[in-house]
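Asker: What follows is a single structure, and I will ask about it in a moment.
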Amino acid sequence: MTNDEIRAFLENAIKENQVMLFMKGTPHEPACGFSARASGCLNALGVQYSALDILPDPRIREELSGISGWPTIPQLFVDGELVGGSDIVLEMFESGELAELLGAEQPGAPAVEQDQPQPQKRPIGLENRLG
Amino acid sequence: MPTADDLKERIERALPGAQVAVQDLTGGGDHFRAEVVSNRFTGLSRIQQHKLIYDVFGDEVGGPIHALSIKTSTPGDGR
């Protein structure tokens, strides 16, 4: 696939799917704490959404950021518009704005952790032991 | 490797008068949390507010700055 084809595919995915989440990994197996947080918010609201794993090819992320002007992953689009990354999604989830935007019912208790994201552990490298 | 103080200084330089707190989440110099209170955010959407912060660091976000979590508000905002 050329970069142009990837970009066209992404633009189409944003247009065709009312709630479109670009993430690292999948909703079942998120590969990053930030992506887990964003999909966790959507799961907690029980809304239907489409998710695309950006990890299989680095060009997916490049082209996506080119389209959105947003440098990080995850990215949530609703009705073709960028809503935000994990911080904004979580803020909007907690305030009830996300439920309102998606026409979903706000759950009684927050179903996602409100703590800082848990970055994955850093790989153990020899340089860590040399200092 | 950038430090929390580096990030704080650069945000303060870009948004004069802003109150900025930056935390290194892992101590590894690559996952940061920035909380920024600035008048510059008035009237901007959240997306636009966060982009102002991302723009300070350009390509470094996703590169040396592996992750940057952002919380923005204006001086008038209560919480």
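The values are calculated or read from the model by the stated rules, or taken from the named source; none is laboratory data. Because the structure is a prediction, the values reported are computed rather than measured. Quick reminder, even Gly has a Cβ in these numbers, built from the backbone with ideal geometry, and neighbours come from all protein chains shown. Only protein heavy atoms, including side chains, enter the accessible area calculation; ligands, DNA and RNA are left aside. Shrake-Rupley method; radii C 1.70, N 1.55, O 1.52, S 1.80 Å.
Asker: Which residues, counting only those in the stretch A:79-88, are out of contact with any helix residue (DSSP H, G or I) (no Cβ under 6 Å at 6 or more places or on another chain) and more than 8 Å from every other protein chain (Cβ to nearest Cβ)?
Answerer: Those that are out of contact with any helix residue (DSSP H, G or I) (no Cβ under 6 Å at 6 or more places or on another chain) and more than 8 Å from every other protein chain (Cβ to nearest Cβ): A:ASP79, A:GLU81.
Asker: Considering every residue within the stretch B:34-41, establish whether at least one is of a type in the set (Val, Ile, Thr), under 12 Å from the mean Cα position of the chain (by Cα) and within 12 Å of another protein chain (Cβ to nearest Cβ).
Answerer: Yes: the stretch B:34-41 contains one or more residues that are of a type in the set (Val, Ile, Thr), under 12 Å from the mean Cα position of the chain (by Cα) and within 12 Å of another protein chain (Cβ to nearest Cβ).
Asker: When B:ASP6 is evaluated against the numbered criteria (1) closer than 24 Å to A:CYS32 by Cβ; (2) within 14 Å of another protein chain (Cβ to nearest Cβ), which criterion, by number, is the only one it fails?
Answerer: It fails just one condition, (2).
Asker: Please state which of the following conditions B:VAL22 fails to meet, knowing it meets all the rest: (1) within 12 Å of chain A (Cβ to nearest Cβ); (2) at pLDDT 95 or above.
Answerer: So the condition that B:VAL22 fails would be (1).
Asker: Take B:PRO16 and tell me if it is modelled with pLDDT under 95 and either buried (at least 19 other Cβ atoms within 10 Å of the Cβ) or not charged (D, E, K, R) (or both).
Answerer: Values: modelled with pLDDT under 95: no; either buried (at least 19 other Cβ atoms within 10 Å of the Cβ) or not charged (D, E, K, R) (or both): yes.
The answer is no for B:PRO16.
Asker: Oh, and also: Among B:ARG46, B:ARG33, which is open to solvent by 30 Å² or more (accessible area, probe 1.4 Å), closer than 21 Å to A:LEU82 by Cα and among the basic types (Lys, Arg)? Spell out the reasoning first.
Answerer: Details: B:ARG33 fails: closer than 21 Å to A:LEU82 by Cα.
After ruling out the rest, the residue left standing is B:ARG46.
Asker: Applying the selection to the stretch A:43-61, what residues are under 19 Å from A:LYS15 (Cα atoms) and more than 14 Å from chain B (Cβ to nearest Cβ)?
Answerer: A:VAL47, A:GLN48, A:TYR49, A:SER50, A:ALA51, A:LEU52, A:ASP53
Asker: Give the residue that is least open to solvent (accessible area, probe 1.4 Å), with candidates limited to residues of the stretch A:1-39 that are within 18 Å of A:SER86 (Cα to Cα) and of a type in the set (Lys, Arg).
Answerer: Step by step, filter the stretch A:1-39, then rank; the result is A:ARG37.
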